[in-house]
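Visitor: Next up is a structure, given as structure tokens.
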Amino acid sequence: MNKTNQLHTLFMLSDNEPGVLARVTALFSARGYQIQNITAGEINEAQHLSCIAITTEGTTETIAQIKAQVEKIVAIRSVVNLTEAQGAVQRELMLIRVRRDAAAHDKIIETLNELDARQIAADEMSTSFELTGDARAINQYIARINALDSKGAPTEIARSGITGMAPAVQER
């Protein structure tokens, strides 16, 4: 077993009912586990299902303990550690707005195009793009873009947080 702390993303399938997310986050808080990132949303209205993805740091043993505790919450149908699940997919969305008056505007646009960013909006003041990738790639994109303007970040950036899916999530 791994004795060093690493980031792990836990994907939970839950009943879509009031208080589920609060119960999950309260469990983390009560036991002193730090939530690095959390995303949640309804995935099936007819079946009243939601998904919750939480990224936290810990040893393999700690993550297994967190997983076991979360599984005890009645509304949680399944929990998968995406970091260890073979074939799991994890992605994050980044929205980035580039001001047209930034000194490095053209270079930033060129870099975003190289990164396969998709333009989603434009006006006389700015151009907005979206990029998706794993967290490491998103961090590299941000560093690369910020390095283009020595006067500071020429952009506004928003990140969604990590979400993902395992190849076969089993309900309990």
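The values are calculated or read from the model by the stated rules, or taken from the named source; none is laboratory data. None of the values given here were measured: they were computed from a predicted structure. With ideal geometry, Cβ positions are generated from the backbone for all residues, glycine too; neighbour counts draw on all protein chains shown. Just the protein is used for accessible areas: all its heavy atoms, side chains included, with ligands, DNA and RNA removed. Shrake-Rupley method; radii C 1.70, N 1.55, O 1.52, S 1.80 Å.
Visitor: If residue 131 satisfies all but one of (1) part of a strand (DSSP E or B); (2) surrounded by fewer than 15 Cβ atoms within 10 Å (Cβ to Cβ); (3) not charged (D, E, K, R), what's the number of the condition it fails?
Guide: In the conditions (1) part of a strand (DSSP E or B); (2) surrounded by fewer than 15 Cβ atoms within 10 Å (Cβ to Cβ); (3) not charged (D, E, K, R), residue 131 misses (2) alone.
Visitor: Going residue by residue through the range 1-23, is there one that turns out to be at pLDDT below 90 and among the aliphatic types (A, V, I, L, M)?
Guide: yes
Visitor: What residue, among those in the range 34-74 that are in a loop (DSSP other than H, G, I, E, B) and of a type in the set (A, V, I, L, M), is surrounded by the fewest Cβ atoms within 10 Å (Cβ to Cβ)?
Guide: 46
Visitor: What are the pairs, 6+ residues apart or on separate chains, where a residue within the range 64-79 that is in contact (Cβ under 8 Å) with a residue 12 or more places away in the chain has its Cβ under 7 Å from a residue that is surrounded by 14 or more Cβ atoms within 10 Å (Cβ to Cβ) and among the hydroxyl-bearing types (Ser, Thr, Tyr)?
Guide: As it stands, the answer is 66/33; 66/56; 75/14; 76/14; 77/14, since those pairs meet every condition given.
Visitor: Which of (1) in contact (Cβ under 8 Å) with a residue 60 or more places away in the chain; (2) surrounded by fewer than 18 Cβ atoms within 10 Å (Cβ to Cβ) does residue 9 not meet, given it meets every other one?
Guide: (2)
Visitor: From the list 77, 159, which residue is basic (Lys, Arg), modelled with pLDDT of 90 or more and open to solvent by less than 80 Å² (accessible area, probe 1.4 Å)?
Guide: 77
Visitor: On to the next question. Is it the case that residue 148 is assigned to a strand (DSSP E or B), open to solvent by 20 Å² or more (accessible area, probe 1.4 Å) and among the aliphatic types (A, V, I, L, M)?
Guide: Considered against the rule, which asks whether it is assigned to a strand (DSSP E or B), open to solvent by 20 Å² or more (accessible area, probe 1.4 Å) and among the aliphatic types (A, V, I, L, M), residue 148 comes out as no.
Visitor: I would also like to ask the following. Look through the range 100-121, keep the residues that are open to solvent by 60 Å² or more (accessible area, probe 1.4 Å) and part of a strand (DSSP E or B), and return whichever of them is nearest to residue 89 (Cα to Cα).
Guide: The extreme case among them is 118.
Visitor: Is there a residue in the range 82-91 that is of a type outside the set (A, V, I, L, M), at pLDDT 90 or above and open to solvent by less than 60 Å² (accessible area, probe 1.4 Å)?
Guide: yes
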